[in-house]
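The values are calculated or read from the model by the stated rules, or taken from the named source; none is laboratory data. None of these values were measured; they are calculated from a predicted model. We place every Cβ from the backbone using ideal geometry, glycine too, and count neighbours over all the protein chains shown. Accessible surface is based on the protein model in full, side chains and every heavy atom, while ligands, DNA and RNA are left aside. Shrake-Rupley method; radii C 1.70, N 1.55, O 1.52, S 1.80 Å.
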Amino acid sequence: MRIAIVGAGTMGRAILGGLLEGRAAGDAAPQVTVVTRRPEHADEIAQRFGVPAGADLRAGVRGADTVLLCVKPKNVLGLAAQLAGALDPGACVASIAAGVRLADLAAVLPAGQPLVRVMPNTPCLVGAGMTAVSAGPTARPEQVAAVRDVFATLGRATVLDEEYMDAVTGLSGSGPAFVYVIIEALSEGGVMTGLPRDAATELAAQTVMGAARMVLDTTRHPAALKDAVTTPAGCTISALLKLEDGKLRSVLARAVEEAARSAAALRPPAPGDEAP
């Protein structure tokens, strides 16, 4: 498979790194090309990662089976419009831009171009990401699976209908920020009870990571795992009641709801109307 990564920012480089790690591990090795706006960035990427890189958008995507658009939402439609005539008719175009819908992309790309919408999150940068992939009506199942497999190199990836993407943005897209607040609060509690700050932060972060692994690896409901920690008349149930008093459960659920509502309100500018 030939993949063109358009955009060499944080996420574009994370995807490139994940693909190259898979190649080093002996997985099927796609041919990867990177397109970036600045020639000096292209030179740096070529030297660092050992892949072809350049600043010519149309030349960079020509012949690619999959084109990953890893640019900011305000720029993605204008950039996609420039691809007309350079893409192979059957090439799959996948966008990671929040708020940019498949219909938005279809309006500026050739009719019938296979399209996929992707919502990754920042833990992809450390190989622990969660990515949702939505297929456009003209994307073939094998193309959707190929895009999912690319993001699976950065953690976990799942395929969902596009109607869920705003909810995905609110939960797994914004969710890391909510968890960082929780880790910070747990760490502060540890400091309050006498722990050194570095130790408290490590204990809190590893505890959150371990609890998440328990949910994923055991597939048990979080409530069942919570009950396993909670002994009668113990310290955990006493503390859980304090959390219930503070309505933590409701506050977190409402935060996801608010983030999803904000995601639904995002609309990209039309080509030519992008902010400078």
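Residue by residue, here is whether (1) assigned to a loop (DSSP other than H, G, I, E, B); (2) touching a residue at least 40 places away in the same chain (Cβ under 8 Å); (3) surrounded by 11 or more Cβ atoms within 10 Å (Cβ to Cβ); (4) of a type outside the set (Val, Ile, Thr) holds:
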{"residue": "Tyr164", "(1), (2), (3), (4)": "no, no, yes, yes"}
{"residue": "Pro176", "(1), (2), (3), (4)": "no, yes, yes, yes"}
{"residue": "Leu195", "(1), (2), (3), (4)": "yes, no, yes, yes"}
{"residue": "Ala199", "(1), (2), (3), (4)": "no, no, yes, yes"}
{"residue": "Ala212", "(1), (2), (3), (4)": "no, no, yes, yes"}
{"residue": "Lys226", "(1), (2), (3), (4)": "no, no, yes, yes"}
{"residue": "Ala239", "(1), (2), (3), (4)": "no, no, yes, yes"}
{"residue": "Ala255", "(1), (2), (3), (4)": "no, yes, yes, yes"}
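Where in the stretch 57-155 are there strands (runs of 3 or more DSSP E), lying fully within it, with 1 or more residues that are more than 16 Å from Leu19 (Cβ to Cβ) and open to solvent by 10 Å² or more (accessible area, probe 1.4 Å)? Walk me through how you get there before you give the answer.
Details: elements: 66-69, 92-95, 115-119, 129-135.
Qualifying strands (runs of 3 or more DSSP E): 115-119, 129-135.
Just one of Leu160, Leu171 is touching a residue at least 40 places away in the same chain (Cβ under 8 Å) and either among the aliphatic types (A, V, I, L, M) or on the phi < 0 side of the Ramachandran plot (or both); which is it?
On the way: Leu160 fails: touching a residue at least 40 places away in the same chain (Cβ under 8 Å).
Testing whether each residue is touching a residue at least 40 places away in the same chain (Cβ under 8 Å) and either among the aliphatic types (A, V, I, L, M) or on the phi < 0 side of the Ramachandran plot (or both) leaves just Leu171.
Residue check: is Ala233 over 18 Å from Val181 (Cβ atoms), within 29 Å of the chain's Cα centre (by Cα) and loosely packed, with under 10 Cβ neighbours inside 10 Å?
Considered against the rule, which asks whether it is over 18 Å from Val181 (Cβ atoms), within 29 Å of the chain's Cα centre (by Cα) and loosely packed, with under 10 Cβ neighbours inside 10 Å, Ala233 comes out as no.
Which of the residues that make up the stretch 32-41 are more than 12 Å from Gly7 (Cβ to Cβ), surrounded by 16 or more Cβ atoms within 10 Å (Cβ to Cβ) and not polar (S, T, N, Q)? Before you say what the answer is, go through the steps one by one.
Residues of the stretch 32-41 more than 12 Å from Gly7 (Cβ to Cβ): 32-33, 39-40.
Within this subset, residues satisfying the condition of being surrounded by 16 or more Cβ atoms within 10 Å (Cβ to Cβ) are 32-33.
Val32, the sole residue that qualifies.
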